[in-house]
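Data block below; observations after.
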Amino acid sequence: MTTRAVVRGVGHYLPERVVENSEFEKSLDTTNEWIRSRSGIERRHFAADGETTSDLAVAAAKAALEDAGCSTDDVDAIVVATSTADLTFPSAATMVQNGLGMTRGFAFDVQAVCAGFVYALANANALIVSGQAKRILVIGAETFSRIMDWSDRTTSVLFGDGAGALLLEAQEGDGTIDDRGILSTDLNSDGRHKDILYVDGGVSTQTTGHLRMQGKEVFRHAVEKLAQTAHTALDKVGLDGDDVDWIVPHQANLRIIKSTAQKMGLPMERVVVTVQDHGNTSAASIPLALSVGKQNGQIKPGDLLVTEAIGGGLAWGAVVLRW
Ligand code: UT7
């Protein structure tokens, strides 16, 4: 018997305020047409004043617990992937723990920017297969609207706020690729590329800072590295693109998503796409896509999924899981 980290529940939360591309036409030298054709984004959600990343995360966690039919008494740990925690410390995860009224277990954040959810899944998987936790809430939550430079048309039109959550549970499998749960993970980073996507502020500089991105460079790395990491993760368990039912990619740019699917030999009918409605929500984009994909009937029990993401660092990776 092999212990697997199986998805028991999934949920998401999006802030109420929806901002269409056309709103940016009022303040920036941009057009709905440019944003749509270059990124695939049509709208995004922005958090209300005073609404924080942990607020979004708590709402998503509650939805995942409800989907799983579980309560916080059943949860041993909370892992939050975020680059936009409410405060420098404590972690967003402990704030979520408090927000859920949970007084036992342990909670911590993972910071790998847009690859954060993939990193969080890999960490939670390791905790579960090593017997350190039975059920873990794995959450991706972001308020990137707080780190936008609203005068920069090359970045401010791309990002949005939101949160998604999975409840992972230890279940016994046969140790084969037919098992439900996480089957393999592949994590990578290369700090030589730290200057092509970063925030120009932080604790040591005593400013919050704004997101800065050399979009074309990041694009080039994404197109090269995402299919590669997905193939590596599949290879580890003797699978390839043909075995995949759904790619659930980080939702940064529809052109990157299409190019990765093409490299993996999969048609767009087998890709969960939410970028048009959410924009780039960084670490929240994959759990949001998983939740929406399940809700709209695309993802079904037993389906083989590959998630992949790349972000600041650069950090990138992939997870293969059977739903
Ligand atoms: O989630 C983390 C990972 N992030 C990503 O994966 C993002 C990767 N990068 C991208 O998605 C794309 O590079 C962008 C969507 C950011 C940009 O698309 P692009 O096709 O690479 O455009 P570009 O940066 O080469 O810009 C083309 C032109 C430029 O004008 P010139 O120099 O050709 O005259 C830009 O100044 O488009 C201009 N431009 C805009 N025009 C209208 C840039 N932003 C805008 C804008 N509206 N918002």
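We did not get these values from a lab; they are worked out from the coordinates using the rules stated. Computed from a prediction, not measured in an experiment: that's the story for all the values here. Here the Cβ positions follow ideal geometry from the backbone for every residue, glycine too, while neighbour counts run over all protein chains shown.
At-a-glance table
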read-out	value
Max mean-square fluctuation residue, GNM over the chain, Cα-Cα springs under 10 Å, options TRP34, TRP246, TRP150	TRP34
Proximal charge balance of GLY40 [Cβ under 11 Å; K/R count +1, D/E count -1]	+2
Computed over the chain: relative contact order in percent, which uses C-alpha pairs under 8 Å that are six or more apart	26 percent
Per-pair calculated FRET efficiency, R0 = 30 Å: ASP242 and ARG192 via Cβ, rounded to 0.05	0.30
Residues of the stretch 1-38 with amide N under 17 Å of the 7 Å Cα→Cβ point at GLU172	1-6
Helical mean residue ellipticity (222 nm; -39500 (n - 2.57) per DSSP H run of 4+; nearest 500) of the chain	-9000 deg cm²/dmol
Net charge contributed by nearby residues that have their C-beta within less than 14 Å of PRO15 (K/R +1, D/E -1)	-3
Span-like helix ranges in the chain, DSSP H, alpha carbon extent 27 angstrom or more, Kyte mean at least 1.0	none
Footprinting exposure proxy for HIS12, HIS250, HIS210 (fewest neighbouring C-beta atoms within 10 Å first)	HIS210, HIS12, HIS250
At R0 = 35 Å, FRET efficiency that the Cβ-Cβ distance of ASP73 and SER22 yields, to 0.05	0.15
Ranking of LYS294, LYS194, LYS62 by count of other Cβ atoms within 10 Å, fewest first	LYS194, LYS62, LYS294
Over 26 Å between alpha carbons, listed pairs LYS62/LYS263; LYS62/LYS225; LYS26/LYS194; LYS194/LYS216; LYS62/LYS236; LYS236/LYS258	LYS62/LYS263; LYS62/LYS225; LYS26/LYS194; LYS62/LYS236
Potential extension, ALA126-MET268 segment - 0.36 nm per residue separation minus Cα distance	48.0 nm
Stretchable slack from VAL203 to GLN295, in nm (0.36 nm times residue separation minus alpha-carbon distance)	29.2 nm
Order of MET102, MET1 under a 10 Å beta carbon neighbour criterion, fewest first	MET1, MET102
Positive-pole candidate from VAL248, PHE108, SER189, dipole of the chain, charges at beta carbon	SER189
Note, ³J(HN,Hα) from phi for the stretch 201-212, Karplus 6.51, -1.76, 1.60, rounded to Hz, x at Gly and Pro	x, x, 4, 5, 9, 6, 9, 6, x, 10, 5, 10
